[in-house]
Structures are given as structure tokens and as C-alpha cells.
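Comments concern the structure below.
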Amino acid sequence: MDLGLKNKVYIVTGGAKGIGEAISQLIAAEGGIVVIAGRNAQDNDITVQSIIAKGGQALAVQAELGKVEDCKKVVDACVTAYGRIDGIVNNAGANDGVGLENGAPGAFMQSLQHNLSHYYNMAHYALPYLKITKGSILNIGSKVATTGQGNTSGYAASKGAINALTREWAVELLKYGIRVNTVIPAEVWTPLYETWINSLPNPAEKLASITANIPFEQRMTTSEEIANTSVFVLSERSSHTTGQILYVDGGYTHLDRSIKQ
Ligand code: NAP
């Protein structure tokens, strides 16, 4: 299926690693142009070079997305380079462990700044250009917004707000023909996931117990599986889908985990 991405321009936040990288690579493989926004210049460059080596088009913009001015810088750089924006993928975020009991109020606000504010800021600054192209917005959320996890109030609040903003923006942007959707991962092996699991007392044991409870095939979701759904929903092939929150998680969030094959 041709997703119709050829020569269209997409910004992917956190697009150099993990799920974001898989989305960047897939957009490029489908003929789209990717603007990768992330704070680590070296990671950004490695992914851009890898896309270019495969014949794709990509540009990196170093940005600490927790800073409002950096979000604007990403949008400006994209428009300066390519003159248009056809979609944004709000993906950057980290489960930063700011819990109710031990997290100071300032740390909570900082977590919102790093996990939530840039979703708004990127959409806000890109909107004038998305109106021209009737582009789309794809957010990456987390099952934590639905299930909770414990000791991660800032991240949970951010992801809950992203679900709410998906509906809110889908309504506000109906008049412009701009679609807004969110894809929810649960357990995906990425650099972030590896860091998180290794922060626990018995990482191997914990990993085995998690995967054993993933209903579909008792395995983790791959970044490529998240990317396949995300890029499809981002694309015009998904032209009548808006305001949706899609769980790409092997049934982990909603199915009865006690039932085994
Ligand atoms: P990852 O492996 O850490 O990749 C995320 C990328 O985004 C990294 O390059 C990271 O840079 C960058 N980034 C994060 N926050 C940033 C900021 N404020 N400014 C600039 N760059 C930033 O993470 P991932 O596992 O692919 O997660 C991607 C998204 O999926 C996140 O929104 C996460 O909440 C969501 N998610 C993941 C899972 C999972 O199982 N992996 C589950 C549920 C939800 P650094 O390397 O410098 O941190």
C-alpha cells in the first residue's frame, strides 16, 4: 500500500532513538522527508545519516524540547528547509519517576515541562503550516495514563493530558481538516525501556514476568510495530480517523492477563 508520503514533510520529536527512530525510518522509507528533533546532536546525526545512506531525506535539529524556544526553532528550521509541514509526531518523553511521596512539587512541574508542554508547543507552532497542507498530528502516549504505574506522577499526568488533548485538538481542528490521533505503547524494548528496567531490583526477573503477561504471543511490542500503526494513522490512508487513542500493545492494557494460550 502506498501511504502517499512522497515529498511530504514530517517532524518527529525524539526521532533519533527507540520508537521515534522507527517512525523516522519508516516515514523516510515511504518517501517522506523527516525532520528529527532531539536533544542529543550525535544521536540525531547518526539517524539522519542512516536515512540518507538508504536514499531517504532527513534533517536534524538539536532541541531540548522542554524549552519553548527550542520547539519554535524546530518548526522554523523545518519551514526554512522545506517550506511546508505535512504532519508532526509528538513522541519525545521519558518515564522519569517523579512520585507523589518523594517528588518535590518543582520536580513534578519539570516532568510536565519535559513530557507534556512540548506536545502543545510543537502543535501550536506547527498549526499555521498544518492548516495549509491539511496535515495531521500523531501523539505517542503511554498505557500508564490508563493503568497507573506507581512513583511516576509527572509522567502519568502528562500522558493522561495527551489523551485528553487528542480529543480536544481533534475537535478544535475539525474546521481545518486536520486529524489528531494518539498511539499508545505499553512494553517496547527501546533505550528508555532498558534504562527503566535496569533501575529495578531484579531486571531479568521483572522482564520475564512482564512479557509472560502480554496476552498476544507473550512478547514485547517492537518499535517497528508501533511505527507501522503510527505512520499509517499519520498518513492520508487514514483519512477518516481522528480523535482516536489506539493501543498497540498485544492486548496488555485491556485484555484479561490471566488467560494464557
Ligand atoms: P527513548 O528510547 O528514550 O527515545 C526517546 C528519544 O527522545 C531520545 O532520543 C531522547 O533523548 C529524546 N527526548 C526525550 N525527551 C526529550 C526532550 N525533552 N527534548 C529532546 N529530546 C528528548 O524512548 P522510547 O522508549 O522510544 O519512548 C518514546 C515515546 O514512547 C515516549 O513518549 C514514551 O513515553 C513512549 N512510551 C514508550 C514505551 C516503551 O515501552 N518504550 C511505553 C509507553 C510509552 P535522550 O536519549 O537524550 O533522553
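The values are calculated or read from the model by the stated rules, or taken from the named source; none is laboratory data. Computed from a predicted model, the values in this text were never measured in an experiment. Don't worry about glycine lacking a Cβ; one is built from the backbone with ideal geometry, like all the others, and counts go over all protein chains shown. Side chains included, ligands, DNA and RNA excluded: accessible areas come from the protein's heavy atoms. Shrake-Rupley method; radii C 1.70, N 1.55, O 1.52, S 1.80 Å.
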For TRP189, solvent-accessible area (1.4 Å; no DNA, RNA or ligand), Å²: 120
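Looking at region 153-224, which GluC sites (Glu not before Pro) are in a loop (DSSP not H, G, I, E or B) and have at most 15 other Cβ atoms within 10 Å? Walk me through the numbers on the way to the answer.
On the way: sites: GLU168, GLU172, GLU187, GLU194, GLU205, GLU217, GLU224; in loops: GLU187, GLU217.
In loop regions of region 153-224 (DSSP not H, G, I, E or B), the sparsely surrounded GluC sites (Glu not before Pro) are GLU217.
How much area per residue is accessible in the chain when the probe is 1.4 Å and only protein heavy atoms are counted (Å²)?
Working: 12180 Å² over 261 residues.
On a per-residue basis, the chain sits at 47 Å².
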Carbon plus sulfur fraction of accessible area for the chain, probe 1.4 Å, in percent: 54
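Give, in whole angstrom and from largest to smallest, the semi-axes √(5λ) of the equivalent ellipsoid of region 116-261, with λ running over the eigenvalues of the Cα gyration tensor. Show your work: numbers first, answer last.
Numbers: eigenvalues 187, 56, 33 Å².
Ellipsoid semi-axes (Å, largest first): 31, 17, 13.
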5 Å-binned pair-distance histogram of the chain (Cα, whole percent): 1, 6, 13, 18, 20, 17, 12, 7, 4, 1, 0
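For the full complex of protein chains and a 1.4 angstrom probe, list MET220, MET109, MET122, MET1 by accessible area with the highest value first.
So the residues, ranked largest to smallest area, are MET1, MET109, MET220, MET122.
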Per-residue [θ]222 nm for the chain (sum of -39500 (n - 2.57) over DSSP H runs n ≥ 4, rounded to 500): -14000 deg cm²/dmol
Fluctuation leader among ALA208, ALA77, ALA170 - the chain, Gaussian network, Cα springs under 10 angstrom: ALA208
Rounded if a/c under 1.5, otherwise prolate or oblate - region 35-93, Cα gyration tensor axes: oblate
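For the chain, what is the charge dipole size about the Cα centre, in debye to the nearest 20, if Lys and Arg each add +1 at the Cβ and Asp and Glu each add -1 at the Cβ? Present the calculation step by step, with values, prior to reporting the outcome.
Details: 21 positive and 23 negative charges, 119 e Å.
Taking the Cα centre of the chain as origin, the dipole is about 580 debye.
Can you classify region 183-230 as rounded, prolate or oblate using the Cα gyration tensor, where a ≥ b ≥ c are the square roots of its eigenvalues, rounded means a/c under 1.5, and otherwise it's prolate if a/b beats b/c and oblate if not?
Oblate.
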Residue-level accessible surface for ASP2, protein heavy atoms, 1.4 Å, Å²: 100
C-alpha long axis of helix 68-82 to longest principal axis of the chain, angle in °: 50
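Using only the alpha carbons of region 204-261, what is the convex hull's orientation-averaged projected area in square nanometres?
Details: hull surface 19.9 nm².
Averaging across all directions leaves 5.0 nm² for the Cα convex hull.
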Between region 187-236 and region 10-71, the alpha-carbon center distance in angstrom: 21
Nearest 10 degrees, 0 to 90: helix 118-133 Cα axis against the chain principal axis: 30
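Which entries of LYS54/LYS159; LYS17/LYS159; LYS73/LYS206; LYS17/LYS206; LYS54/LYS260 have Cα-Cα distances beyond 30 Å here?
On the way: LYS54/LYS159 34 Å; LYS17/LYS159 19 Å; LYS73/LYS206 40 Å; LYS17/LYS206 23 Å; LYS54/LYS260 41 Å.
Over 30 Å Cα-Cα: LYS54/LYS159; LYS73/LYS206; LYS54/LYS260.
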Gaussian network model of the chain, springs between alpha carbon atoms under 10 Å - residue of LEU200, LEU173, LEU234 with greatest fluctuation: LEU200
Folded to 0 to 90 degrees: helix 18-29 orientation relative to the chain principal axis, Cα: 30
